[in-house]
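Novice: First the structure, then my questions, so here it is.
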Amino acid sequence: MPPITRPTFDELKKREGPYLNAWGIYGKDNEYGQTNLITPEAIKRGIASVENGITINLNLPLLDKSLQSAFRGPVVQEVIDYGTWYDDKVSFNTQASTQWDGYRHWGYHDWPEKGQQTYYGGLKAADVMNRDVPDFGIQNLAKKPITSRAHLLDIPRYIAKHKLPPLQALTSNTPITLTLLQAVAKDQGVEFTEGDVLIVRTGYTEAIKALSPDELKKLDLTKGIIGIESTEEVLKWHWEQGFAAVATDALAYEVFPFDESRPSLHQTFLAAWGLPIGELFDLRELARITEEKSKWTFLLTSMGLNIDGGVGTPANAQAIL
């Protein structure tokens, strides 16, 4: 593949079509979005970052109900007895636990007309529901797995180290700002290169696990959860870094509920750029080991489900230090 020259952020703002769209910049029939930036060089940078030979699981236990996305329903396992051998059958929403949002998950709202939804590459809502239209489906994260150098920005570690007021993981009162992201990157000595993956730890998993059963039952996550602030400044920074994918331990990469007065990160990342969003990643062990090794850069591997036209997929992700 020849070198990729992407438009500047200011050039994106002037393109025809919906705001900030990057449709077609990798070629008319290309469906890989920002994962196009995972070049052989990006993969080799990831491999070169492996120093200790340590593998770390980044996936939450599928059957842990306290960590599932409640409104998407439980994960159900059925063991099948054939008399002399066993199988099991698992039924779940592909975004109920650690997962990637695919390009058919979130679209431009009210574009090109009010009431219409349009997805990455111009895909229509009717196409998303049509099993005969696989375009821009989750199979692309199996054909081109997310395998690249990745960086953990450990927000709770930075907050504790600098004795700053703690963030509130189970409300939207303390969004993660661009200034904080940049400060954490500087503090950890992290430098980004086009094709890298950004992973942000918010402390959401630990906050959920600290609740009693009664507190968990009363928790209404729709009222607000922690995430990255959705501003044009944040969007510009993500575009200019050239991330191939982003992920977090929270229920949504950005602060939720979304601010309806401006484009959400979901709309821009997924519908405009084809930038996969990872959510509910288990970053607890990764945070412990990276702190121990003073090393927040590693190889990330993730293989999505090979389902044509799929909307989301379990991440099946690991970090290799």
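The values are calculated or read from the model by the stated rules, or taken from the named source; none is laboratory data. All figures in this text were calculated on a predicted structure; none of them were measured in a lab. Please note: Cβ atoms are built from the backbone with ideal geometry, for glycine as well, and neighbour counts cover all protein chains shown.
Novice: Look through 139, 117 and report the one residue that is polar (S, T, N, Q), surrounded by 15 or more Cβ atoms within 10 Å (Cβ to Cβ), free of Cβ contacts under 8 Å to residues at least 60 places away in the same chain and out of contact with any Leu (no Cβ under 6 Å at 6 or more places or on another chain).
Specialist: Every option except 117 fails the conditions.
Novice: Being over 21 Å from residue 108 (Cα atoms), touching a Pro at 6+ places or on another chain (Cβ under 9 Å) and hydrophobic (A, V, I, L, M, F, W, C) narrows it down to one of 271, 287, 245, so name that one.
Specialist: 287
Novice: Could you tell me whether residue 288 is crowded, with 24+ Cβ neighbours inside 10 Å and of a type in the set (D, E, K, R)?
Specialist: No.
Novice: Looking at the stretch 25-49, I want the residues that are of a type in the set (Phe, Trp, Tyr) and have a partner that is in a helix (DSSP H, G or I) with Cβ atoms under 6 Å, at least 6 apart or on another chain. Which pairs are those?
Specialist: The qualifying pairs are 26/36; 32/140.
Novice: Please go through the stretch 87-108 and give me each residue that is of a type outside the set (S, T, N, Q), assigned to a strand (DSSP E or B) and either crowded, with 21+ Cβ neighbours inside 10 Å or out of contact with any strand residue (DSSP E or B) (no Cβ under 6 Å at 6 or more places or on another chain) (or both), ordered by number.
Specialist: 100, 101, 108
Novice: Taking the stretch 155-185 on its own, how many of its residues are within 15 Å of residue 200 (Cβ to Cβ) and charged (D, E, K, R)?
Specialist: So the answer is 1.
Novice: Of everything in the stretch 126-163, what is part of a helix (DSSP H, G or I) and touching a strand residue (DSSP E or B) at 6+ places or on another chain (Cβ under 7 Å)? Give them in sequence order.
Specialist: 128, 141, 155, 156
Novice: On to the next question. Within the stretch 177-193, does at least one residue satisfy the condition of being touching a strand residue (DSSP E or B) at 6+ places or on another chain (Cβ under 7 Å), assigned to a helix (DSSP H, G or I), at pLDDT below 95 and under 22 Å from residue 257 (Cβ atoms)?
Specialist: Checking the stretch 177-193: not a single residue is touching a strand residue (DSSP E or B) at 6+ places or on another chain (Cβ under 7 Å), assigned to a helix (DSSP H, G or I), at pLDDT below 95 and under 22 Å from residue 257 (Cβ atoms).
Novice: Consider the stretch 58-86. How many of its residues are in a loop (DSSP other than H, G, I, E, B) and not aromatic (Phe, Trp, Tyr)?
Specialist: Total satisfying the criteria: 14.
Novice: If residue 249 satisfies all but one of (1) over 21 Å from residue 185 (Cβ atoms); (2) crowded, with 24+ Cβ neighbours inside 10 Å; (3) of a type in the set (D, E, K, R), what's the number of the condition it fails?
Specialist: All conditions are met except number (1).
Novice: Now a separate question. Scanning the stretch 26-70 for residues that are surrounded by 19 or more Cβ atoms within 10 Å (Cβ to Cβ) and of a type in the set (Val, Ile, Thr), which turns out farthest from the chain's Cα centre (by Cα)?
Specialist: Residue satisfying both the conditions and the ranking: 56.
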